[in-house]
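Nothing in this text is a laboratory measurement; each read-out follows from the coordinates by a stated rule. Please read these numbers as outputs of a predicted model, since none were measured by experiment. With ideal geometry, Cβ positions are generated from the backbone for all residues, glycine too; neighbour counts draw on all protein chains shown.
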Amino acid sequence: MVMDKASFEEKSKEIRRLTIECIGNLGVGHIGGCLSIVDVLTVLYYSQMNVDPANPKMEGRDRLIISKGHAGPALYATLASKGFFPKDELYTLNRLGTNLPSHCDMNKTPGVDMTTGALGQGFSCAVGIAIGSKIKKDGAYIYTIIGDGESQEGQIWEAAMLAAHKKLDNLIAFTDYNKLQIDGPIDEVNSLSDLPAKWESFGWHVQRIDGHDHFAIYEAIEKAKKTEGKPSMIILDTIKGKGVSFIEAVGAGNHNMPITKEQLEAALQELR
Amino acid sequence: MEMRAVFASELDRMMESDERIVVIDSDLSKANGTLFLRNKYPERAFDVGVAEQNMASVAAGLASYGFIPFITSFCPFATRRICDQIAISIAYAKQNVKIVGTDPGISAELNGGTHMSMEDIGVVRSIPSMVIFEPVDAVQLKKSMPKIVEYDGPVYLRLFRKAQPQIFNDDYEFDLFKADVIQEGKDVTIAASGIMLGESLRAGEILRQKGINAEIINVHTIKPIDSDTILKSVAKTGCIVTAENHNIIGGLRSAIAEVICEKCQVPLRSVGVEDIFGEVGTLEELKIRFGLTAENIAAKALEAVEAKK
């Protein structure tokens, strides 16, 4: 069910706070690419996905594969906010023996649907899961989020070709198009050129929206669900580090950055 | 019967009753004999085209959804080409995917060096949790298929495609994790895998004429290696020769050296591809070119026996 604007915004703020606390407690992490996907995570988990925190492995549930696996902490914050596990556990991020490793691990974290982190692979796994759901005819929707830098991986396009060939209209993918990667702006490292045209030419239904506009995300998912015979790509124009001004200002360097206790407090203050 | 025909017909038989089994090809279904499965199981047998990396991760996704996918290609493309996908999407993620590579080592014949996997076992062996199995004949392959499905975890099936001389009878009791002592002996152990078992049996004959009594073991599963059977044998014979259609680095020789170095140090000699790339030729020509022959195994066995003194 769609929520009102204030509720969406409040929920995203909460998830951003939890994400920052999760990473800030450790003092370093993939902050930028976590904060850029919080709004889509909010819409998915609070208004779209059929999941049950009490039964994370429920048959026929909708699934989300974070192919840009380094955004694990944003997913963990979302899952904790939904009650998949206690919020206190967020403080264990990347501590030896934790259930919350930097990159998503389906065998460790309740609610994580696929182990990801080797870029490009999670997207293929999502295609495999969508094929599986079609075979089982269980009516599930398979969501996946890929990075823009990740889109430089050849495997992304192998999977894109197959998903269109198999007419996987149960597959709804997002590109977190924040235009930055570790080594700098995407356009300086290796440009994606006309990204929507690329996906269209691969036979996908393509939408491009403001990735921080909850209603736009919600509507785009609704449109994707109504699209028959084609997988959907929703390109999210986002800001890496969205929501915390000093993190946004770091730019490409916020991919994996340290955060002091003082910065953590300032970030939490800004996200009130 | 060709090995690929046995492989595909066993899949067909199992797919009839087990809806979890999925077969994914990467444009080699004709070579691997799996094409016909698509007519019978249009949803569960399909092709991804020439895209092995995608195939491996798609299979992992299907496995996470409760399916048991078999993915097929030639050995080099089923292993070294997709090493990271095997390591992460399949093994690290604990996904129950069966990887099938055909034309191991020199059996790629006229496809030559680009298609010859001299390192595939080494690549896969160093990935935690992987099982590596190389059948020697149609009987063993047929008996192995239900066991591979039954085993809950990733398996690399290194499959010679064409017909192989029969080694086992129908009453053979197969154990995926137990090496077969094909012939008992007391002077030297010959541990062989794949097409090198036949050469080893011929080597056994050559040695017999020289008064040497060889114990011949078929190591069909190279990982996890059946160290009990190996150690029991070398404790008796006091020396060992390995024979494999693979680089001598990383494969059967390495696996056996790891076992005996730690537990029972005896002279080791080896027959295999000596750290060089493949080239075009017929199987028989290539056996001679790379020294993968009964004569070479026998010569190494004599060296090993000599080294005991």
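Residues of the range A:127-144 being hydroxyl-bearing (Ser, Thr, Tyr) and within 8 Å of chain B (Cβ to nearest Cβ), which ones?
A:Ser133
Looking at the range B:13-33, which of its residues are part of a loop (DSSP other than H, G, I, E, B) and over 23 Å from B:Lys162 (Cβ atoms)?
Of everything in the range B:13-33, those that are part of a loop (DSSP other than H, G, I, E, B) and over 23 Å from B:Lys162 (Cβ atoms) turn out to be B:Asp18, B:Glu19, B:Arg20.
Quick one: which of A:Gly243, A:Gly253 is touching a His at 6+ places or on another chain (Cβ under 9 Å) and not aromatic (Phe, Trp, Tyr)?
Every option except A:Gly243 fails the conditions.
What number of residues in the range A:107-126 are within 11 Å of chain B (Cβ to nearest Cβ), free of Cβ contacts under 8 Å to residues at least 60 places away in the same chain and either crowded, with 21+ Cβ neighbours inside 10 Å or over 21 Å from A:Met58 (Cβ atoms) (or both)?
Residues that pass the stated criteria total 13.
Would you mind finding the one in A:Gly83, A:Gly147 that is surrounded by fewer than 22 Cβ atoms within 10 Å (Cβ to Cβ) and away from chain B (no Cβ under 14 Å)?
A:Gly83
Within 21 Å of B:Leu292 (Cβ to Cβ) and touching a Pro at 6+ places or on another chain (Cβ under 7 Å): does that describe B:Phe133?
No: the conditions fail for B:Phe133.
Taking only the range A:133-159 into account, find how many residues are part of a helix (DSSP H, G or I) and either among the polar types (S, T, N, Q) or out of contact with any Lys or Arg (no Cβ under 9 Å at 6 or more places or on another chain) (or both).
Number of matching residues: 9.
Quick one: A:Leu44 ticks every box in (1) in a helix (DSSP H, G or I); (2) out of contact with any Phe, Trp or Tyr (no Cβ under 8 Å at 6 or more places or on another chain) bar one, so which box is it?
The single condition A:Leu44 does not satisfy is (2).
When you scan the range B:94-105, how many residues do you find that are buried (at least 24 other Cβ atoms within 10 Å of the Cβ) and within 13 Å of chain A (Cβ to nearest Cβ)?
2
Hey, does the range B:34-50 have a residue that's part of a helix (DSSP H, G or I), away from chain A (no Cβ under 13 Å) and in contact (Cβ under 8 Å) with a residue 24 or more places away in the chain?
yes
Across the range A:211-241, what is the total count of residues that are assigned to a loop (DSSP other than H, G, I, E, B) and over 19 Å from A:Ile186 (Cα atoms)?
Residues in the range A:211-241 being assigned to a loop (DSSP other than H, G, I, E, B) and over 19 Å from A:Ile186 (Cα atoms): 7 in total.
Can you tell me which residues in the range A:52-73 are within 15 Å of A:Met114 (Cα to Cα) and hydrophobic (A, V, I, L, M, F, W, C)?
Hits for the range A:52-73 are A:Met58, A:Leu64, A:Ile65, A:Ile66, A:Ala71.
Could you identify the single residue in B:Ala108, B:Ala56, B:Ala63, B:Ala91 that is within 13 Å of chain A (Cβ to nearest Cβ), aliphatic (A, V, I, L, M) and touching a helix residue (DSSP H, G or I) at 6+ places or on another chain (Cβ under 6 Å)?
B:Ala56
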